[in-house]
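Each remark here refers to the structure printed beneath this line.
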Amino acid sequence: MKENVIVTKTFDFALSIVNLFVQLKKENEFIISKQILRSATSVGANVEEAIAAQSRKDFIHKMSIASKEARETKYWLRLLDKSNLTSISMSNYLIEIEHILNIITKIIKTTQEHSLK
């Protein structure tokens, strides 16, 4: 079976965020870290749901939710990056969420274009 890049990327990203969450808890950062954990793990969960979609419309809907969760994750990461709540660098996480957003956006656009044919 061929590897699904977005499934792999979102799973690996969620796993890295789980590890970040553990590190942030050690630094006594509980508020933003919980928000990041929720939104970042939701990206991959929605991508997985999209894979099992019942129609193209359902697929686009689930991928759109994944996109919204990715954007929310990016927001929380930027907020954590610009605040002085942690010494952990957010740059790699921000780069990866941007890659994920670009892929999801391309998937949605391509699927919408094929729906019009």
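The values are calculated or read from the model by the stated rules, or taken from the named source; none is laboratory data. The model shown is predicted, which means the values in this text are computed figures rather than measured ones. Methodologically, a virtual Cβ is constructed for each residue, glycine included, from the backbone with ideal geometry; neighbour enumeration extends over all protein chains shown. Just the protein is used for accessible areas: all its heavy atoms, side chains included, with ligands, DNA and RNA removed. Shrake-Rupley method; radii C 1.70, N 1.55, O 1.52, S 1.80 Å.
Which FRET efficiency, nearest 0.05, do residue 38 and residue 116 yield, Cβ-Cβ r, R0 35 Å?
Efficiency for this residue pair is about 0.55.
For the chain, which whole-number percentage of the solvent-accessible area (1.4 Å probe, protein heavy atoms only) is attributable to carbon and sulfur atoms?
That share works out to 55 percent.
If you bin the C-alpha pair distances of the stretch 25-70 every 5 Å from 0, what whole percents do you get?
Bins of 5 Å from zero give 6, 24, 23, 15, 11, 9, 6, 4, 2 percent of pairs.
Under the classification rounded if a/c is under 1.5, otherwise prolate if a/b is larger than b/c and oblate if not, where does the stretch 77-117 fall, given a ≥ b ≥ c as square roots of the Cα gyration tensor eigenvalues?
Taking the square roots of the gyration eigenvalues as a ≥ b ≥ c, the stretch 77-117 is prolate.
Under a Cβ-only charge scheme (Lys and Arg +1, Asp and Glu -1), can you give me the dipole magnitude of the stretch 23-110 about the Cα centre, in debye to the nearest 20?
Result for the stretch 23-110 is approximately 240 debye, rounded to the nearest 20.
With the contact rule set at Cα under 8 Å and sequence spacing of 6 or more, what percent relative contact order holds for the chain?
Worked out over the chain, it gives 27 percent.
Do any of 74/109; 2/57; 26/109; 2/82; 2/62 go past 32 Å between their Cα atoms, and which?
From the list (74/109; 2/57; 26/109; 2/82; 2/62), the Cα-Cα distance tops 32 Å for 26/109; 2/82.
Taking the Cα centre of the chain as the origin and placing charges on Cβ (Lys, Arg +1; Asp, Glu -1), which of 84, 115, 44 is farthest toward the positive end of the dipole?
115
Per q in 0.20, 0.28, 0.29, 0.34 Å⁻¹, report the Debye log10 I(q)/I(0) for the stretch 6-45, using one uniform scatterer on each alpha carbon and no solvent.
-0.52, -0.85, -0.89, -1.07
Using a probe radius of 1.4 Å on heavy atoms only, what accessible surface per residue do you get for the chain? Whole Å² is fine.
I get 63 Å² per residue for the chain.
Could you tell me the calculated FRET efficiency between residue 55 and residue 79, based on Cβ-Cβ distance and R0 = 22 angstrom, to the nearest 0.05?
0.05
Within 10 Å of each candidate Cβ there may be at most 12 other Cβ atoms; applying that plus a DSSP loop requirement, which GluC sites (Glu not before Pro) in the stretch 22-117 survive?
Filter output for the stretch 22-117: 27.
Once you have the Cα-Cα distance between residue 64 and residue 99, take 0.36 nm times their residue separation minus that, and quote the gain in nm to one decimal.
11.1 nm
DSSP loop (so not H, G, I, E, B), at most 10 other Cβ within 10 Å: list which trypsin sites (Lys or Arg not before Pro) in the stretch 1-65 pass both filters.
Passing sites in the stretch 1-65 are 2.
Between 73, 105, 41, find the one with the highest GNM mean-square fluctuation for the chain; connect C-alpha pairs within less than 10 Å.
105
Most mobile of 102, 46, 84 per a Gaussian network model of the chain (Cα springs, under 10 Å)?
Top of the fluctuation ranking is 84.
Is the shape of the chain best called rounded, prolate or oblate, per the rule: a/c under 1.5 gives rounded, else a/b larger than b/c gives prolate, else oblate, with a ≥ b ≥ c the square roots of the Cα gyration tensor eigenvalues?
Cα axes put the chain in the prolate bin.
Enumerate by residue number the chymotrypsin sites (Phe, Trp or Tyr not before Pro) in the stretch 1-106 meeting two conditions: DSSP loop (anything except H, G, I, E, B), and at most 15 other Cβ atoms within 10 Å of the site's Cβ.
Here the chymotrypsin sites (Phe, Trp or Tyr not before Pro) that fit, given the DSSP loop and packing criteria, are 30.
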